[in-house]
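This structure is in structure tokens; I'll ask about it shortly.
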Amino acid sequence: MTTPTRVPFWDNARFAAIVLVVFGHAVQRLTYDSDAAEALYLLVYAFHMPLFALVAGYFSSSAEPTRRRMARLFTDLIAPYLIFETLWTITQLLVTGRTDLDPAQPSWTLWFLLALALFRLVLPYLALLRAPVLWALAISIVAGYLPGIDSTLSLSRFLGLLPFFTLGWWLRERDVVARRGLLDARPVWLRIVAALVLAGAGAIAFAFVDVWRDVRLGTWFFFVDTYADLGAPHWWAGGVRLAIIALALVLMTAFLLLVPRRETSWTHLGRCTMYVYLLHTFVLYPFRQSGVLRGLEPAALWIPLIAVASVAIAVGLSSGPARRLARPLVEPRMPWLFRDRELGAGRGSR
């Protein structure tokens, strides 16, 4: 069977998105002292994880699960989750002298591994329905009203981000990208509009930053808390989530319009985003915990420096040496776990 040709655009999009993840986590401590940092933080968090969910959905299959696919769900997602959850438990114990050992409550960024596992588990069932994207949208909105749904096993985020994952799958399933020529050359005016949309969103975030703080907009972007916990125990709260979903779609569309379509010097790094996602938190943790990122002035100097550092971190953790060192943790080979040893041999055998 011929191996499908990789499309550079998607690898470019993955790497650009993971840089946003690193930047968002790096700049977070500056938001306490800088309105500009807060505005950028809100802009990034408005769409970067929805974008990851959409891209993950685009490359997911709704076919009936096979033995190999079920094993990959464990080796690609569940095993790394357990490994890194253990590492974070040890880290917190060494740094703080205490820890709350609870694998059902993911540490920091690890929630996405569980959410992605749940996405893949439910997709074959969701795909059986008519209008699966609308069903996913309804589930996301209704979930915010239910007090029993929380962050345990990333359930709230899984349900909240389900529309983006399902939309990504639907775009691939219906071959929308190819039929509509969405990866064809884009006119300059369209890229200018996309840039203006992102710049305008950033300007609005900055101009009304105190308002967004008061309404806890950044927390809404996490898709974790119920509407009541967010201070909106009202019938119309679902409309706020709907507006946030619509905003994320607009911003991620603008972002993707600016992503290069062709091979670049960093395209190959987009194949290694899981390494960056899982490892960058260990790089940032000492800086965030030590408080050195608080009170940095002027923000106009430090924000660009943090942006450059974020790119450097993403590049470094995508490099060959970093991958070779971390591969047993990020891509564990576990032939001893399965009756059919080939099922646990790792990605390289597939």
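Considering only the stretch 226-258, state which residues are not in a helix (DSSP H, G or I) and not charged (D, E, K, R).
THR226, TYR227, ALA228, LEU230, GLY231, ALA232, PRO233, HIS234, TRP235, TRP236
Right, next: For the stretch 308-336, what are the residues that are touching a residue at least 40 places away in the same chain (Cβ under 8 Å) and of a type in the set (A, V, I, L, M)?
Selection gives ALA309, VAL311, ILE313, ALA314, VAL315, LEU317, ALA322, ALA326, LEU329, VAL330, MET334.
A further question follows. Condition first: polar (S, T, N, Q) and touching a residue at least 12 places away in the same chain (Cβ under 8 Å). Can you find one or more residues in the stretch 221-230 that meet it? Let's see the steps before the verdict.
Looking only at the stretch 221-230, we keep the residues that are polar (S, T, N, Q), and these are 226.
Of the ones still in play, those that are also touching a residue at least 12 places away in the same chain (Cβ under 8 Å) are 226.
So far as the stretch 221-230 goes, yes, one or more of its residues are polar (S, T, N, Q) and touching a residue at least 12 places away in the same chain (Cβ under 8 Å).
Of the residues LEU167, LEU121, LEU137, which is in contact (Cβ under 8 Å) with a residue 24 or more places away in the chain, surrounded by fewer than 16 Cβ atoms within 10 Å (Cβ to Cβ), under 21 Å from the mean Cα position of the chain (by Cα) and in a helix (DSSP H, G or I)?
Checking each option against the conditions leaves just LEU121.
Would the stretch 87-107 turn up any residue that is of a type outside the set (Asp, Glu) and under 15 Å from the mean Cα position of the chain (by Cα)? Don't jump to the end; show me each part of the working.
Going residue by residue through the stretch 87-107, those that are of a type outside the set (Asp, Glu) are 87-99, 101, 103-107.
When the remaining residues are screened for being under 15 Å from the mean Cα position of the chain (by Cα), the result is 106-107.
Within the stretch 87-107 (the criterion being of a type outside the set (Asp, Glu) and under 15 Å from the mean Cα position of the chain (by Cα)), the answer is yes, since at least one residue qualifies.
May I ask you to verify whether ARG261 is among the charged types (D, E, K, R), in contact (Cβ under 8 Å) with a residue 24 or more places away in the chain and assigned to a helix (DSSP H, G or I)? Full working, then the answer.
Values: among the charged types (D, E, K, R): yes; in contact (Cβ under 8 Å) with a residue 24 or more places away in the chain: yes; assigned to a helix (DSSP H, G or I): no.
No, not satisfied.
Can you tell me which of VAL22, VAL27 is touching a residue at least 24 places away in the same chain (Cβ under 8 Å), touching a Ser or Thr at 6+ places or on another chain (Cβ under 6 Å) and either within 23 Å of ILE306 (Cβ to Cβ) or among the acidic types (Asp, Glu) (or both)?
Being touching a residue at least 24 places away in the same chain (Cβ under 8 Å), touching a Ser or Thr at 6+ places or on another chain (Cβ under 6 Å) and either within 23 Å of ILE306 (Cβ to Cβ) or among the acidic types (Asp, Glu) (or both) holds for just one of VAL22, VAL27, which is VAL22.
Additional query: Which one is farthest from TYR277 (Cα to Cα), of the residues in the stretch 318-346 that are out of contact with any Gly (no Cβ under 9 Å at 6 or more places or on another chain), among the small types (Gly, Ala, Ser) and at pLDDT 80 or above?
GLY320
Give the residues of the stretch 65-97 that are in contact (Cβ under 8 Å) with a residue 60 or more places away in the chain and touching a Pro at 6+ places or on another chain (Cβ under 6 Å), sorted by residue number.
ALA79
Output yes when any residue across the stretch 27-34 is under 29 Å from LEU293 (Cβ atoms) and either in a loop (DSSP other than H, G, I, E, B) or modelled with pLDDT of 95 or more (or both), and no when none is.
Yes, there is a match, as at least one residue in the stretch 27-34 is under 29 Å from LEU293 (Cβ atoms) and either in a loop (DSSP other than H, G, I, E, B) or modelled with pLDDT of 95 or more (or both).
The values are calculated or read from the model by the stated rules, or taken from the named source; none is laboratory data. The shown structure was predicted, so the numbers you read here are calculated from the model rather than taken from an experiment. FYI the Cβ positions are ideal-geometry reconstructions off the backbone, even for glycines, and counts take in every protein chain you see.
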